[in-house]
Every structure is written in structure tokens, then in C-alpha cells.
Amino acid sequence: MGPLPSKAQTMTTTAKKPNSAFMAPLKPSAELAAAIGPEAVPRTEITKKIWAYIKSHNLQDANNKRLINADANLQKVFGKSQVTMFEMTKLLQPHLGKI
């Protein structure tokens, strides 16, 4: 039996490849584009942009940071005035289309 591979060799051969579904650019709906812009970007970028919008408009609930208080733009996307950060991603799905 030969020598064991080094940790670096093992990591490079077992590293996960990025999921291409998450990297595919998606076109935001007109409602979502009002908050994050109209350009098609990967799902990961959409999440970053929506969080940047939430933070820049101070939309996190003061008492419970897991709640997002939707402004007029986000109410069109979420369909209600307050959502949890966990349901937010599910509510974004109908507003994302393939290009």
C-alpha cells in the first residue's frame, strides 16, 4: 500500500462543484426589479441584492431582526406587509424567470 494522499490533494478531488441551477441568471419580474434592478443575475446575487435593499431602507423589524417589514415595493413582491427571512426566499420564486 502506498502513501496516503495529502490533505490538499484530498480536498481538491472531493470539493463540491457549484450547482449550475444556482448560477444560472434569472430575470426579475417588474415588481422585484423595482427593488433590485432589471438585470438578470444568478439567484445568489438576487438574495444579496434584496438584503442590501432591506438594509438600506431599514426594513428589518427593530424588535425581531428575523422579520422584514415590507415597504410599498416589497409588498408587491411578498403579497403582505411582513415576512420572515426564511419565507422571503420562497416568496421571491414566482418573481424569477429564466432568460
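Given LYS55/LYS98; LYS48/LYS90; LYS48/LYS80; LYS27/LYS80, which pairs have Cα atoms separated by over 19 Å? Working shown, then result.
Values: LYS55/LYS98 27 Å; LYS48/LYS90 15 Å; LYS48/LYS80 21 Å; LYS27/LYS80 22 Å.
Over 19 Å apart, Cα to Cα: LYS55/LYS98; LYS48/LYS80; LYS27/LYS80.
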**Q.** Reciprocal mean inverse distance between Cα atoms of the stretch 31-98 - Kirkwood radius, Å
**A.** 12.0
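Compute the length gained on full extension between GLU39 and GLU87: take 0.36 nm times their separation in residues and subtract their Cα-Cα distance, giving the result in nm to one decimal. Walk me through the numbers on the way to the answer.
On the way: separation 48, 0.36 × 48 = 17.28 nm, distance 2.35 nm.
My answer for the length gained is 14.9 nm.
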Q: With only Lys, Arg, Asp and Glu charged, each at its Cβ (+1 for the first two, -1 for the last two), find how big the charge dipole of the stretch 31-98 is about the Cα centre; round to the nearest 20 debye.
A: 180
**Q.** Table column - 3J(HN,Hα) (Hz), the stretch 83-99, Karplus curve with 6.51, -1.76, 1.60, x for Gly and Pro
**A.** 9, 8, 5, 7, 7, 4, 5, 5, 6, 6, 3, x, 9, 10, x, 6, 9
**Q.** At R0 = 25 Å, FRET efficiency that the Cβ-Cβ distance of LYS65 and SER29 yields, to 0.05
**A.** 0.40
Q. So who's got an amide H within less than 5 Å of the one on LYS27, skipping anything under 5 residues away but keeping other chains? H placed 1.01 Å off N, in plane.
A. GLY97, LYS98, ILE99
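Since every read-out is calculated from the coordinates, none of them should be taken as a lab result. Quantities reported herein were computed from a predicted structural model and do not represent experimental measurements. No Cβ is skipped: glycine too gets one built from the backbone with ideal geometry, and neighbour counts run over all protein chains shown.
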